[in-house]
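Taking it in order: structure first as structure tokens, then the write-up.
The values are calculated or read from the model by the stated rules, or taken from the named source; none is laboratory data. None of the values given here were measured: they were computed from a predicted structure. Heads up, the Cβs are rebuilt from the backbone with ideal geometry, glycines too, and the neighbour counts pull from every protein chain shown.
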Amino acid sequence: MEQNIFELKEAIERIEDKLISAEKIYTAIQFQVWMVVMIVYYIIITPLSTIPWQLTAIYWISALLVVAYISSKILKRMRNLFKSYGSKTRSSARFGLGIVLSWVTGSITGWMIIPSFLLQNGVEEMSAIAIGFLSFISLSIFGMFLTFKRSTQRSELEMVPAFAIPALAVLVVPQIQTAQMAYAGFCVASAFGITVLAYMYTAFRVLR
């Protein structure tokens, strides 16, 4: 009897590890998708001498819709996987709303409020845009970090580089004379790359 209980407990722990690993991989895919979105944005704006705010607004709104669609497809598969094991994943309306609000708040603050404030105070245009972009990413991901923490009651430490590195880069941008947006892009790409690696490492580490 005692042996059966031990084996059952061990089997349950293995299943839990697999589900945690699946969640980590799911989140890593999300960051990878955002990295592709950001790189495509840079491919579009690099040939331009100026970056129209209308282009930026249309691109990122479209990107949000595309990412939301991709995320819903992946989440559906995740939900089916968890359901097959009699468990639940983070799919509540409150969790989804928290993610959306994070990106909406980050977008308004990073693309509108911060650049406008900086330009009014004499900051060079490209520096203001770069700082706004870094702020947009940092605030949005930090909002996601808080949403995940509230939903799961545990901290997603793998996510920390994704908002910490862009936030620190904001302090460096004013010291750069040229190519501020390129610098900002490399910082965000590095931050997301580190985050993806951290999630994948955790996913494989918990598997036994």
Practice item. Count, please, the residues in region 149-208 that happen to be under 14 Å from the mean Cα position of the chain (by Cα) and of a type in the set (A, V, I, L, M). Key: 14
Review point. Got a sec? Which of 195, 202, 147, 178 is touching a Lys or Arg at 6+ places or on another chain (Cβ under 6 Å) and either outside any loop (DSSP other than H, G, I, E, B) or not basic (Lys, Arg) (or both)?
Key: 202
Practice item. Determine, yes or no, whether residue 192 is in contact (Cβ under 8 Å) with a residue 60 or more places away in the chain and closer than 21 Å to residue 59 by Cβ. Key: yes
Exercise for review: Kindly indicate whether any position in region 121-130 is free of Cβ contacts under 8 Å to residues at least 12 places away in the same chain and touching a helix residue (DSSP H, G or I) at 6+ places or on another chain (Cβ under 7 Å).
Suggested key: yes
Exercise for review: Check residue 24 against each of (1) out of contact with any helix residue (DSSP H, G or I) (no Cβ under 9 Å at 6 or more places or on another chain); (2) farther than 30 Å from residue 112 by Cβ; (3) modelled with pLDDT of 80 or more and name the one condition it does not meet.
Suggested key: (1)
Review point. From 64, 97, 48, 101, which residue is modelled with pLDDT of 75 or more, not in a helix (DSSP H, G or I) and not β-branched (Val, Ile, Thr)?
Key: 48
**Study point:** Subset of region 42-72 that is among the aromatic types (Phe, Trp, Tyr) and free of Cβ contacts under 8 Å to residues at least 40 places away in the same chain - its residue that is nearest to residue 180 (Cα to Cα)
**Key:** 59
Exercise for review: Would you check if there is a residue in region 33-44 being of a type outside the set (A, V, I, L, M, F, W, C), at pLDDT 80 or above and outside any loop (DSSP other than H, G, I, E, B)?
Suggested key: yes
Exercise for review: Give the residue that is surrounded by the fewest Cβ atoms within 10 Å (Cβ to Cβ), with candidates limited to residues of region 145-164 that are modelled with pLDDT of 90 or more and closer than 23 Å to residue 60 by Cβ.
Suggested key: 146
Exercise for review: May I ask you to verify whether residue 87 is at pLDDT below 75 and touching a Leu at 6+ places or on another chain (Cβ under 8 Å)?
Suggested key: yes
